[in-house]
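The values are calculated or read from the model by the stated rules, or taken from the named source; none is laboratory data. Since we're looking at a predicted model, the values are computed, not measured. Note that we place each Cβ from the backbone using ideal geometry, even for glycine, and neighbour counts take in every protein chain shown.
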Amino acid sequence: MSNIYTLLRNFSHLGGSRAKLAALWLMHITGRRYIGVFIDSILACNYSCRMCYFSNEEERRKRSGAKMTEEQMKHVAQSIFRRALKLQIGCGAEPTMDMKGALQLVQLGKQHGVPYISMTSNAALLQYDKLLPLVEAGLDELTISLHGIHRETYQSMMGKNANYDAFLSTLQGIKKIKETYPHFDVRVNYTMNADNVEELADFDRLFADVPIDQLQLRPIRQIGESSYTNFDLTHVSECLETVIRPLAERCRAKGIIVLFPEKINIDRFAGKETANPRENLIALFTYINITPNSYPRHDIHFEEEDYEGYSKRVGLAKQIWRSIWISDAACAQIETTLSNSLNYEIR
């Protein structure tokens, strides 16, 4: 198993946001890898999950269709991959709608020495013969987006095109691949809401013979307009002690890393508590998101400059250093596109 989660755990345990920013500043000026690059090479999806904006026809039309070219992906890799600690393929769309592009990104990541390459997918199109080339090329982790354990809930939550049998077939393919590539990480990302949280009690049954490495339990949040409208996290919070924590303990006994929010962070996610504004700056400095639409207007001029050139042009080192010392009020006034982050406890 990769040590990426050990690194994240150690970083999260640093003494407060100022210490974290100081560590980032030191990594930045010494040329270390510290950024996460998140790429959607295509804006499309084969599913229409009810909790996602792709379930809204107007939103789907606005977002669908755009695709990065091979040259654009090469420019991104040459520009910033040398400073990337992690490459995430698939963020707000389904990467398997462009299998050629996904494979190219994995290959580029390995060529530029990115230590950890992950893909997030609903996995319906990742049958054995599709997933194997990605793993052979160097994919370190597959994160499976899942919104239901039982067939009925899966079909309902993941939209009219959902195929539970294809999902089960993918799980068997993963099992086969893990026999040859035991260090290939498999992570399940389960989005919890009032209608699917209780059936997490049956998670062990569904994955009884499938060797997964991490389980992330995420409370629902509103991402654009979606057909699912119950964003009340009261029942999710009520299930913390009866369903979520017992599952985490069972997983931990099997050696599975579990990421789940404690009640205070569920409340924060629901908007009842606010996050430390300085934490938002950490995310601002460490994550770079790229889509076919953002590529031509991104702050980094991928075709003309590398990350060092970009950093000098915008005075990034000074920005990070200043963020260590300014007041919380000043941090809160810095306009970003970031929302309050959900903090996870890594078990």
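Answer yes or no: is there a residue in segment 283-291 that is in contact with a strand residue (DSSP E or B) (Cβ under 7 Å, 6 or more places away or on another chain), in a loop (DSSP other than H, G, I, E, B), modelled with pLDDT under 95 and not small (Gly, Ala, Ser). Let's see the steps before the verdict.
Of segment 283-291, the ones in contact with a strand residue (DSSP E or B) (Cβ under 7 Å, 6 or more places away or on another chain) are 286-290.
Right, trim to in a loop (DSSP other than H, G, I, E, B) and you get none.
No, every residue in segment 283-291 fails to be in contact with a strand residue (DSSP E or B) (Cβ under 7 Å, 6 or more places away or on another chain), in a loop (DSSP other than H, G, I, E, B), modelled with pLDDT under 95 and not small (Gly, Ala, Ser).
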Restricting segment 257-269 to residues that are among the aliphatic types (A, V, I, L, M) and either in a strand (DSSP E or B) or modelled with pLDDT of 95 or more (or both), the one farthest from ALA208 (Cα to Cα) turns out to be LEU259
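Going through GLU179, GLU199 one at a time, which residue ends up being surrounded by fewer than 19 Cβ atoms within 10 Å (Cβ to Cβ), in contact with a His (Cβ under 7 Å, 6 or more places away or on another chain) and modelled with pLDDT of 95 or more? Working first, answer last.
Details: GLU179 fails: in contact with a His (Cβ under 7 Å, 6 or more places away or on another chain).
Residue meeting the stated conditions: GLU199.
Please work out if LEU21 is at pLDDT 60 or above and either farther than 23 Å from ASP185 by Cβ or assigned to a helix (DSSP H, G or I) (or both). I'd like the intermediate steps shown before the answer.
On the way: at pLDDT 60 or above: yes; either farther than 23 Å from ASP185 by Cβ or assigned to a helix (DSSP H, G or I) (or both): yes.
Against the criterion (at pLDDT 60 or above and either farther than 23 Å from ASP185 by Cβ or assigned to a helix (DSSP H, G or I) (or both)), LEU21 qualifies.
Return the total of residues in segment 224-263 being of a type in the set (Val, Ile, Thr) and either surrounded by 14 or more Cβ atoms within 10 Å (Cβ to Cβ) or in contact with a Pro (Cβ under 9 Å, 6 or more places away or on another chain) (or both). First the steps, then the outcome.
Of all residues in segment 224-263, those of a type in the set (Val, Ile, Thr) come to 229, 234, 236, 242-244, 256-258.
Cutting the leftovers down to either surrounded by 14 or more Cβ atoms within 10 Å (Cβ to Cβ) or in contact with a Pro (Cβ under 9 Å, 6 or more places away or on another chain) (or both) gives us 236, 243-244, 256-258.
Selection size over segment 224-263: 6.
Let's see how each residue does on (1) assigned to a loop (DSSP other than H, G, I, E, B); (2) crowded, with 22+ Cβ neighbours inside 10 Å:
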position	(1), (2)
MET99	no, no
VAL106	no, yes
GLY109	no, yes
ILE117	no, yes
THR170	no, yes
LYS175	no, no
HIS183	yes, no
